[in-house]
Every structure is written in C-alpha cells, then in structure tokens.
Amino acid sequence: MTLQEEFDQAEASWQGARYGDVVARWGPPAKSATLSDGRETHTWTSREAPVYSGGPQVGVGVFGGSGGGGVGVGIGFPFGTTVNPAGCERTLTFRDKIVVDQSWIGDQSYCRYFKR
C-alpha cells in the first residue's frame, strides 16, 4: 500500500463518525466554528515531538578575575540540528454531530496514523 493510499484510508475512516467518537480518540478540538447553514467545523492539530541529531558538544573556556583564573571544560547535550516535527491538521465538518466533510493538511506519513 502506498503512503497516499494509507493517508486517504485514514481520512476516509472518519467519514460518518460521531462527534463523541472523534473527541474520545483525539481529545477536544483546538478550534471550532458554526457555519451559516448550521453545520459545525472542528479542527484538531497534532505535532510529533522534535528530533535531535548529532552528538555531544564540548567547549573549553578561560575564566578569571582579580586574584584567580582557570580553564573550564563543559559538555552539553543535546547537540546538533533540530528537525522540525511533522504536523497534521484535521478539520471535520459535522451535521447533527456526524462527520459530513473533512480537510486534512500536513505530513501524510504522520497523518496516516490518525486512522479510526
């Protein structure tokens, strides 16, 4: 199965779901609105934890003042670049508390894990 197919399958799995079932799985929505026709939209946003790469950082410094001085060595963790976390924003539109429309935006490889 391709990544696109898994993503599409995850999104389709929520079509027709009840609002209470969505909240039970994803928690309360981050944003909500009522449309002019009475339908409600609710948006859930999720992010993976940041990933750090690299190894330890070692630094050498010279310090001192009146009457003394010295050399210090420090080691700090983590070191390296931070990889931006993947995100997935799901906006579901409900009529009578049932999902009737959806818009999923984000990293497909992360969004696919929100399958029902």
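The values are calculated or read from the model by the stated rules, or taken from the named source; none is laboratory data. None of these values were measured; they are calculated from a predicted model. Quick reminder, even Gly has a Cβ in these numbers, built from the backbone with ideal geometry, and neighbours come from all protein chains shown.
Considering (1) of a type in the set (Lys, Arg); (2) modelled with pLDDT under 95; (3) more than 20 Å from the chain's Cα centre (by Cα), the lone condition that Arg47 does not fulfil carries the number (3). Look through region 78-116, keep the residues that are surrounded by fewer than 13 Cβ atoms within 10 Å (Cβ to Cβ) and in contact with a Pro (Cβ under 8 Å, 6 or more places away or on another chain), and return whichever of them is modelled with the highest pLDDT. Only one residue tops the list, namely Asn84.
Counting the residues of region 3-44 that are surrounded by 12 or more Cβ atoms within 10 Å (Cβ to Cβ), of a type in the set (A, V, I, L, M) and in a loop (DSSP other than H, G, I, E, B) gives 2.
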